[in-house]
Amino acid sequence: MVFYKLIQNMNESMVKTYQKWYAYPVVTETVNLDYIAERIQRNSTAKRSDAKAVLTEMVEVMTDCLQNSQRVKIEGLGSFKIGLSSKGADSPEDFSVNENVKNIRIIFQPETKTDSATHKRSKKMLQDVKLTNISGFTTKKSQEADGGEDENP
């Protein structure tokens with residue numbers, strides 16, 4: 001279940017979308033490698049420590065591959081590659097990595113599936129997602145900040 005809340009655009013400079021309401025995804029928590037390893041242990045014959053060791057090594061191997069100009073494709077998840085943002089130079093001789101490269105980032109492209117009948121592409125990890133509006137519900141974090149009681153049903 002993916003939770004969202006409705007947010008009204010109050011930016012007057014955005015004339016076409018000013019005061020319109022938009023769905024905004026709500027993150028309920030952040031999970032880490034230990035959590036993922038524990039879930040793998042529950043759903044397979046691998047021990048948590050083995051799953052964590054493999055996942056930790058996967059991160060190191062992916063880092064090495066990306067830094068060697070390789071795309072990393074993980075079936076069922078997607079592909080990772082390095083992306084660059086740079087400022088143009090007048091000539092190849094005028095180009096300097098220190099002066100012209102402004103940003104190095106990792107680009108993630110989720111794996112997609114194409115429907116054979118409609119030829120519509122969808123992200124595999126989002127195929128059966130269910131959305132729930134939680135606008136109007138008070139989150140635990142906001143209640144703690146207010147010192148209030150939990151109002152969620």
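The values are calculated or read from the model by the stated rules, or taken from the named source; none is laboratory data. If you're wondering where the values come from, they're calculated on a predicted model, not measured in any experiment. All accessible areas refer to the heavy atoms of the entire protein, side chains included, with ligands and DNA or RNA removed. Shrake-Rupley method; radii C 1.70, N 1.55, O 1.52, S 1.80 Å.
Structural remarks
- Single unsatisfied condition, GLU60 versus (1) part of a helix (DSSP H, G or I); (2) of a type in the set (Asp, Glu); (3) closer than 30 Å to MET1 by Cα: (3)
- Of the residues making up segment 1-52, those that are open to solvent by 70 Å² or more (accessible area, probe 1.4 Å) and acidic (Asp, Glu) are GLU12, GLU29, ASP50.
Condition check ((1) of a type in the set (Ser, Thr, Tyr); (2) part of a helix (DSSP H, G or I)) across all residues:
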site: ARG39; (1), (2): no, yes
site: ALA46; (1), (2): no, no
site: ALA51; (1), (2): no, yes
site: ASP64; (1), (2): no, yes
site: GLN70; (1), (2): no, no
site: LYS73; (1), (2): no, no
site: SER79; (1), (2): yes, no
site: SER85; (1), (2): yes, no
site: ALA89; (1), (2): no, no
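- For segment 91-124, filtered to residues that are assigned to a strand (DSSP E or B) and farther than 24 Å from VAL61 by Cα, the residue that is most open to solvent (accessible area, probe 1.4 Å) is ARG121.
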